Amino acid sequence: MTNIRIAAGDAPDPGGRMLKFVDGRSVVLFNVEGVIHAIDNSCPHNGASLANGRVDGHVLRCPAHGLRFDLASGASSARPGCA
C-alpha cells in the first residue's frame, strides 16, 4: 500500500469518486464515509478501468468481470494477495 498526498480541493465529495494521475499512473480516488481511498485504475485481471465500478460499502467491483477489491487495502477479495 502506498500513501499519496492530495490537496483538500482535489478530493471527491462524500460518496464520490475522481480520476487522477499520480507519478504517471491512473488512480481512482473514492470518498467512502469521509475517508479517501485510492486504487490503480486498472484491474489486474485484464486491465479494465475501475473508475466506473460499482461501490458497495468499502468494496469496489470491476465493471468488466466483477472482480472485487477492498478499497481500504486494495486487495482483491476474490484473489487474496492480488492488489
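Throughout, read-outs are computed from the coordinates displayed, never taken from laboratory work. From a predicted model like this one, the values you see are computed outputs, not experimental measurements. Quick reminder, even Gly has a Cβ in these numbers, built from the backbone with ideal geometry, and neighbours come from all protein chains shown.
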The relative contact order of the range 16-70, taking Cα pairs under 8 Å that sit 6 or more residues apart, comes to a percentage of 21 percent
Among ILE39, ILE6, which comes first, second and so on when ranked by fewest other beta-carbon atoms within 10 Å?
ILE6, ILE39
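May I ask you to compute the full-extension gain from ARG5 to SER26, defined as 0.36 nm times their residue separation minus their alpha-carbon distance, rounded to one decimal in nm?
Numbers: separation 21, 0.36 × 21 = 7.56 nm, distance 1.48 nm.
Once the chain is fully extended between ARG5 and SER26, it gains 6.1 nm.
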